[in-house]
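Notes follow once the structure below has been shown.
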Amino acid sequence: PDCSRLILLSFPQCAGEENWVDSRTIYVGHREPPPGAEAYIPQRYPDNRIVSSKYTFWNFIPKNLFEQFRRVANFYFLIIFLVQLIIDTPTSPVTSGLPLFFVITVTAIKQGYEDWLRHKADNAMNQCPVHFIQHGKLVRKQSRKLRVGDIVMVKEDETFPCDLIFLSSNRGDGTCHVTTASLDGESSHKTHYAVQDTKGFHTEEDIGGLHATIESGASGSLETDFMPLGSENLLLRGATLKNTEKIFGVAIYTGMETKMALNYQSKSQKRSAVEKSMNAFLIVYLCILISKALINTVLKYVWQSEPFRDEPWYNQKTESERQRNLFLRAFTDFLAFMVLFNYIIPVSMYVTVEMQKFLGSYFITWDEDMFDEETGEGPLVNTSDLNEELGQVEYIFTDKTGTLTENNMEFKECCIEGHVYVPHVICNGQVLPESSGIDMIDSSPSVNGREREELFFRALCLCHTVQVKDNDSVDGPRKSPDGGTSCVYISSSPDEVALVEGVQRLGFTYLRLKDSYMELLNRENHVERYVHLALRWKRQVLCVLPQFIRARVERNAVEGLRTLCVAYKRLIQEEYEGICKLLQAAKVALQDREKKLAEAYEQIEKDLILLGATAVEDRLQEKAADTIEALQKAGIKVWVLTGDKMETAAATCYACKLFRRNTQLLELTTKRIEEQSLHDVLFELSKTVLRHSGSLTRDNFSGLSADMQDYGLIIDGAALSLIMKPREDGSSSNYRELFLEICRSCSAVLCCRMAPLQKAQIVKLIKFSKEHPITLAVGDGANDVSMILEAHVGIGVIGKEGRQAARNSDYAIPKFKHLKKMLLVHGHFYYIRISELVQYFFYKNVCFIFPQFLYQFFCGFSQQTLYDTAYLTLYNISFTSLPILLYSLMEQHIGIDVLKRDPTLYRDVAKNALLRWRVFIYWTLLGLFDALVFFFGAYFMFENTTVTSNGQIFGNWTFGTLVFTVMVFTVTLKLALDTHYWTWINHFVIWGSLLFYVVFSLLWGGVIWPFLNYQRMYYVFIQMLSSGPAWLAIVLLVTISLLPDVLKKVLCRQLWPTATERVQNGCAQPRDRDSEFTPLASLQSPGYQSTCPSAAWYSSRSQQVTLAAWKGKVSVEPPPALSGSRHHCSSSPSHSCPGSRVQLLV
Amino acid sequence: MTWSATARGAHQPDNTAFTQQRLPAWQPLLSASIALPLFFCAGLAFIGLGLGLYYSSNGIKELEYDYTGDSGTGNCSVCAAAGQGRAPPPPCSCAWYFSLPELFQGPVYLYYELTNFYQNNRRYSVSRDDAQLSGLPSALRHPVNECAPYQFSAAGLPIAPCGAIANSLFNDSFSLWHQRLPGGLYVEVPLDRSGIAWWTDYHVKFRNPPLVNGSLALAFQGTAPPPNWRRPVYELSPDPNNTGFINQDFVVWMRTAALPTFRKLYARIRQGNYSAGLPRGAYRVNITYNYPVRAFGGHKLLIFSSISWMGGKNPFLGIAYLVVGSLCILTGFVMLIVYIRYQDQDDDYEE
């Protein structure tokens, strides 16, 4: 073979992959270039080592510590700790050092363990053996030693060790099959092609002798003798070779430069609204803390201005203290006050919140209501940071295919030349009667017609990418319905499988692709063989259809079926070769490849002869309508974003009750914009909507009353891009605002003909609109990933189109219907729980620290602590930590069933209702009040008197202990008051932690602890308990502290009950809300299977306006002749029936 | 098929009440119908308790006398004036005369009270060495740094007991004399100076260092008394069980007070004829005036107080109970009105 071929490699330009393409020259097999070529500049490439780990053994401690202290909270605690170490502060460094150390250590251990696992995985990957060719011989080496330019041999079922250029395979045609299951979850086999010039090199010796150079990169010199390559020649690391014995390839990207490694880049961190509120509250508390410290420092120096106060005779300073600079002293005092009050921002809150989120997310994965028996899949939680965000969703953006519908295609009918064919349904083997009865299967078509018909079926049977699999080792196999053959069709497109299966039922069975021949079994049980010309593509084209077929396609689309038109063109040998050449030229073009390909297709796809149309049904997912209805009742706006055509999508929307019979549809489509200007359309629509909302009365807020007019908006991708496009005069936001205004008034929005990126754009538009609503995107396919990543919460449906969406999502659910429980129950609970957790934490620390602040006024601002060190340290760690943690895991303010039954309850927590500033201020004031009660209660108790019957006097530690005891009881009982769901666990932790406090105090004060250098707590607690008035005071002060909260609760429940409280009150007699609010339920037949109720209903309702509008959208061009010319294939991608695909039969 | 069955089993969540969040639970509601009786009951109970506390507090008698010696307030002003600006102030004594028209119901306790004295100042309250006070010989020689500037004497000897608290030990002393008949002789009323500190303090927490050759004085050899003290610690009392660190006056003083105005127990009167209380008649308290308080604007008071089960006179608890109890009842009524009126509305709404 010719050994000095030069190959130029250039990659297809994909959005977002610019960083992948660099310019490089690779000498295959490390052979020197032939003399005369340009100077050989050895390039350095990384070896094939994959490093996904973050740390090494040596840098773990510094790097991890650095990362941890980059968090503001940790850094704050570190500073406090250091201040305590450096200056003389009232509390020992242990009180803040111990919790911080604990948190840091636990986090470090967790991260270290995760990194160790990554190291292990990396090592396993880097050390697995790889075969490659050296000097014409097969050598085994470790994967990490692979270099760019090495020639690699991969056997069947092996994974590619790096990104390879496919040189040759043992198959004669130079193809191989690959599955990318581990990359994107798609289990279907994809065919890749060897480089044309090298596909003949079958043996090691041949390959070893190959002289070739690969140039890659956008800046590559455009030498004509370079052989261009495309993505079909590229085998990606991580994919697996299938159905091919072995292949040879040359490594072009290794190690961290492979596409897989580049995709490791982590997703951006999403933060929940609760977290944002929490940070805002933290800042408030930080301000409170600083102002407290400042006030005390200033007061201290004012108070001390009299020397007998600063230094009375009984309390002299040391010489060095006297010498110290005044400002330095003041600053130290300020820091000391900061340290004294720093507990107001507790370390433990972060730990508790993290633990609550982590542990709480298990309840989602455990939930058996969300477990799908069929697929054996349960919900997945990919991040636990967003649990509570599920309770805050205001907008849901949902994909249609595979999310609302099952993506389980069924061939419904085909229409050939005015005859409608319905394939046998397997279950009964009978022809289903046509509902409208236009045409039954024609028993005696003309000879010409029969020819056409057979051509049509053959076309369907041959033009696809379906593969036949004999065993069912791939997931999602679809058994051939025909009992005789045990073959299974697999394809990445469920439509194609449905078509092939449908045609099978009509008599033509696709058998296999064998040696470039496609075999099929025709009606007479003869096997026909066709040459397989690797010339296939899918395109969405518009064409103009004959009257009958058009009507039929339209009708089917309205019914929510997916339609496809089939046309053909007869080619003679020369024409075929011409086409091949044209396509090849376009495919290898280095610039504007996409555009050139499009042009080539345009040129080929003219003068097609229409054969007929097919209709494939995609059934609605189980309970999709019910779910959407519930979500809408919960005040969530549901938007459907789909790539489908408008009619199909709208029909689905009707079927799933997104649009109701009284929904007035507003259209914002290209068609309309062409008639009027965008400006006019937008203003007209907004006028309609605003007029309506002006007359909207308040009691219609629920949106449930039947006579209320609600609007649905339909917009298509082209119109959207017009709106989004910044105008020349720069006033881009104008249209956007108007559009958002319209959207806000619509209960449902349907966006059809959306590109994946546009989906994300829409989400972004809403996300950053002025109310900053919480958005949720749900989808199942790779085309939904962008919006899943963009939305506040991304939910993947574990669907048929691979697991890409589930993988990139925050949560994955098996079915769309599980969204209901996810949001209405879990989301609601998590939100209630975490908001209580956050508020309660701040509350209990106000209670904790404010008495300390007050005490400064009575101890000469000397930073004397009120509580003992042990109490200071343990208050947040053990005395009050478990009850709130368990509360935040277990609380159910209302039953699960009630929440599911009554979605309107979701509105009670909408808009971060429990973390508004008003609520926060209430909690803070409650904390302040309680703190005042604790402190002054104890103050008046101790003032000038003795409280024991033996006349002995208590000291300052008893005073502090009394305050502390009252406080621990109050904050724990406050939580008990808030608990609505008392399981044995709640009882255990609430009473248990009170008991623990008492037992601890008895022990702490009951023994002389040898390791302490002070014994100030000795017998303090016991002495306090021996005093009757102390008991009475505890009871009294706890009661006073709780009284306002009880009063507020009772009065609010009585006077201004929220919906939740109403339901709680009336829980004994549950009302039948469902029937009350769903007048439509009875109109709908339960399923959406044989006949399409929504369509029937849709057309039979007297919404003439809407219907007319619909009619107006459909093509009104004159009925064309079949011998179409270029005129009939319009180039604008939005005319007539843009969803149809034309398949070219050659 | 078996493979998929096991896979399903592995993925299937455990169907327990806990994982499904369906643990049996008590679901109380704080509704008006529950809160109303609660408020009334609590209100009544509190008022009852409050009345009891109030009367029991009112039954306690207190007699106090400010002997600081501000000019024109009795004969202690002489001592106060004499001590002005002199450190240490010279020994001085004065007296307080009072008469009881009726029996001062016992048992009677004698307290002294200081005002404006910040025992809770942090620099002051940390200035002690608990290890030294627990009798540890090493700590006796090496007091902790917190004791500075009362850590070492000018001669460099370790101070025992070290620290500001010990140094500022209250050193006024009192004796009570009773004149049964007008013009008669004053008879000394026995003051019981024991049992004024916590039992655990002077039996466990405070210990003298081990005796050297049976002598406490030798045990303290090599240490200096606090600068303000006139006597070393081992001579605080002639009673060997009440001297040194376990001297009860000292122990009482070492329990620092919570607030700048504080009382400390000086003695109990419970012996002989006085166990039932102080009979009527004229009394004299002889005061040894040593302790300077005017320098920091403080006052010294002497208090006779009787004690009940709830301790000394403290009307706060009783009044607070009464107020809270009445508040409970009041809010109970308000809520009752709201409840009844709202209930009607609610019924209308339901219809």
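The values are calculated or read from the model by the stated rules, or taken from the named source; none is laboratory data. In this text the structure is predicted, and so the values were computed from the model without any measurement. Methodologically, a virtual Cβ is constructed for each residue, glycine included, from the backbone with ideal geometry; neighbour enumeration extends over all protein chains shown. Just so you know, the surface numbers come from the protein's heavy atoms only, side chains and all, with ligands and any DNA or RNA stripped out. Shrake-Rupley method; radii C 1.70, N 1.55, O 1.52, S 1.80 Å.
Structure notes:
- Set side by side, the residues A:Ser993, A:Ser1001 differ, and just one is assigned to a helix (DSSP H, G or I), over 30 Å from A:Ile834 (Cβ atoms) and small (Gly, Ala, Ser), which is A:Ser1001.
- Restricting attention to the stretch A:743-772, the residues that are under 16 Å from A:Gly712 (Cβ atoms) and not in a helix (DSSP H, G or I) total 7.
- Only one entry of A:Leu1037, A:Leu1051 meets the criterion of being in contact (Cβ under 8 Å) with a residue 60 or more places away in the chain and at the interface with chain B (Cβ under 10 Å from one of its Cβ atoms), and that entry is A:Leu1037.
- Of A:His135, A:His131, A:His119, all but one fail to be farther than 22 Å from A:Arg44 by Cβ, open to solvent by 80 Å² or more (accessible area, probe 1.4 Å) and not hydrophobic (A, V, I, L, M, F, W, C); the exception is A:His135.
- Taking the stretch B:304-330 as the range and being facing chain A (nearest Cβ under 9 Å) and not in a helix (DSSP H, G or I) as the test, the residues that pass are B:Ser305, B:Ile307, B:Ser308, B:Trp309, B:Met310, B:Gly311, B:Gly312, B:Lys313, B:Asn314.
- Test for B:Val187: is it open to solvent by 30 Å² or more (accessible area, probe 1.4 Å), within 14 Å of chain A (Cβ to nearest Cβ) and modelled with pLDDT of 90 or more: no
- Filtering the stretch A:622-644 to residues that are within 17 Å of A:Gly781 (Cβ to Cβ) and open to solvent by 10 Å² or more (accessible area, probe 1.4 Å) leaves A:Gly643, A:Asp644.
- Inside the stretch B:166-175, residues that are open to solvent by less than 10 Å² (accessible area, probe 1.4 Å), outside any loop (DSSP other than H, G, I, E, B) and more than 10 Å from chain A (Cβ to nearest Cβ) make up a count of 1.
- Of the helices (runs of 4 or more DSSP H) lying entirely inside the stretch B:109-165, the ones with 2 or more residues being aliphatic (A, V, I, L, M) and open to solvent by less than 50 Å² (accessible area, probe 1.4 Å) are found at B:130-133, B:137-141.
- Pick from the stretch A:888-904, criterion in a helix (DSSP H, G or I) and crowded, with 22+ Cβ neighbours inside 10 Å, ranking: farthest from the other protein chains (Cβ to nearest Cβ): A:Pro903
- Filter result for the condition that a residue is part of a helix (DSSP H, G or I), more than 13 Å from every other protein chain (Cβ to nearest Cβ), open to solvent by less than 20 Å² (accessible area, probe 1.4 Å) and over 30 Å from A:Pro773 (Cβ atoms), over A:Leu932, A:Leu885: A:Leu885
- Test: residue in the stretch A:1050-1064 that is touching a Pro at 6+ places or on another chain (Cβ under 9 Å), open to solvent by less than 50 Å² (accessible area, probe 1.4 Å), in a helix (DSSP H, G or I) and not hydroxyl-bearing (Ser, Thr, Tyr): yes
- Test: residue in the stretch B:116-132 that is in contact (Cβ under 8 Å) with a residue 40 or more places away in the chain, of a type in the set (Phe, Trp, Tyr) and more than 7 Å from chain A (Cβ to nearest Cβ): yes
- Residue in the stretch A:655-665 that is assigned to a helix (DSSP H, G or I), modelled with pLDDT of 80 or more and buried (at least 22 other Cβ atoms within 10 Å of the Cβ) present: yes
- Search result, residues across the stretch A:935-958 that are more than 13 Å from A:Tyr871 (Cα to Cα) and either in a helix (DSSP H, G or I) or small (Gly, Ala, Ser) (or both): A:Phe935, A:Phe936, A:Gly937, A:Ala938, A:Tyr939, A:Phe940, A:Met941, A:Phe942, A:Ser949, A:Gly951, A:Gly955, A:Asn956
- When the residues of the stretch B:194-208 are filtered to those that are open to solvent by 10 Å² or more (accessible area, probe 1.4 Å) and under 25 Å from B:Pro227 (Cα atoms), the one that is farthest from the other protein chains (Cβ to nearest Cβ) is B:Asn208.
- Every condition in (1) more than 30 Å from A:Gln804 (Cα to Cα); (2) open to solvent by 40 Å² or more (accessible area, probe 1.4 Å); (3) assigned by the TED database to the domain that holds A:Phe842 holds for A:Arg324 except the one numbered (3).
- Which numbered condition A:Pro1010 fails, given (1) of a type outside the set (D, E, K, R); (2) away from chain B (no Cβ under 12 Å); (3) farther than 14 Å from A:Asp868 by Cβ; (4) open to solvent by 60 Å² or more (accessible area, probe 1.4 Å): (2)
- If only residues of the stretch A:307-327 that are among the hydrophobic types (A, V, I, L, M, F, W, C) and not in a loop (DSSP other than H, G, I, E, B) are counted, the one that is nearest to the other protein chains (Cβ to nearest Cβ) is A:Phe308.
- Pairing residues of the stretch A:938-962 that are more than 7 Å from chain B (Cβ to nearest Cβ) and within 16 Å of A:Val1020 (Cβ to Cβ) with residues that are open to solvent by less than 20 Å² (accessible area, probe 1.4 Å) and in a loop (DSSP other than H, G, I, E, B), at Cβ distances under 7 Å and at least 6 apart in sequence or on separate chains, gives A:Phe954/A:Val947; A:Trp957/A:Asp868; A:Trp957/A:Met1017; A:Gly960/A:Leu866; A:Gly960/A:Tyr867; A:Gly960/A:Asp868.
- Matching residues, the stretch B:41-62, being surrounded by fewer than 16 Cβ atoms within 10 Å (Cβ to Cβ) and of a type in the set (A, V, I, L, M, F, W, C): B:Cys41, B:Leu44, B:Ala45, B:Leu51
- Filter result for A:Met338 (in a helix (DSSP H, G or I), within 30 Å of A:Leu915 (Cα to Cα) and open to solvent by 10 Å² or more (accessible area, probe 1.4 Å)): yes
- Count of residues meeting criterion [closer than 15 Å to A:Arg1062 by Cα, hydroxyl-bearing (Ser, Thr, Tyr) and modelled with pLDDT of 60 or more] in the stretch B:326-351: 2
- Criterion applied to B:Ser93, B:Ser77 was being surrounded by 16 or more Cβ atoms within 10 Å (Cβ to Cβ), in contact with a Gly (Cβ under 7 Å, 6 or more places away or on another chain), modelled with pLDDT of 85 or more and among the hydroxyl-bearing types (Ser, Thr, Tyr), and the one residue passing it is B:Ser77.
- Looking only at residues in the stretch B:29-39 that are surrounded by fewer than 17 Cβ atoms within 10 Å (Cβ to Cβ) and more than 7 Å from chain A (Cβ to nearest Cβ), the one that is farthest from A:Met890 (Cα to Cα) is B:Pro37.
- Of the numbered criteria (1) without any contact (Cβ under 8 Å) to a residue 24 or more places away in the chain; (2) within 13 Å of another protein chain (Cβ to nearest Cβ), the one A:Leu925 fails is (2).
- Among the candidates A:Leu823, A:Leu776, the residue that is part of a helix (DSSP H, G or I), among the aliphatic types (A, V, I, L, M) and in contact (Cβ under 8 Å) with a residue 24 or more places away in the chain is uniquely A:Leu823.
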